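Right, one structure below, let's go through it.
None of the figures in this text is laboratory data; all of them are computed from the coordinates on show. From a predicted model like this one, the values you see are computed outputs, not experimental measurements. Here the Cβ is made from the backbone with ideal geometry for all residues, glycine too, and neighbour counts use every protein chain on show.
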């Protein structure tokens, strides 16, 4: 099934003892395309919902997703409610595409919105290094959500139809027009 995580590509360990690694705030946004050859990212909707909104995960081509790595950098030591759903969506990008994505969304994810209430989106990015895992979770408020999705989708390669489709669907579910 296109767009669904293939079980053989994903390992999901909820054991808190696996929450070790290197936390490099901001450094992940400065990674080069070559350094992003072992990268993965996850976009999870954290807001109120009347139906589950699938988490979208993408990784660099040839690099299988390991969902447990996000637990090393995200605020919560447990997976977010939507992360464990059986229909989490998955696609791949080239390392150059990943670099464009991070460059495009950097202005949105590094600023904090001044709003009351819960965080709206979680954008977690990790990459494997020689010494462990580098990454960070970025929280995005509701006012910055539209800009985040627009920049993210625009940074995808024109031929990445699956990525565009999955992110657009999540965007519409999160921010109905």
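Apply the Kirkwood formula to region 45-177: the hydrodynamic radius equals the inverse of the mean of 1/r over all pairs of different alpha-carbon atoms; give it in Å with one decimal.
15.4 Å
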Hey, fewest Cβ within 10 Å first, where do 87, 45, 80 land in order?
87, 80, 45
Shape of region 114-177 from its Cα gyration tensor (a ≥ b ≥ c, root eigenvalues): rounded if a/c is under 1.5, otherwise prolate when a/b > b/c, or oblate?
oblate
Within a 10 angstrom radius of the beta carbon, how do 129, 50 rank from fewest other beta carbons to most?
50, 129
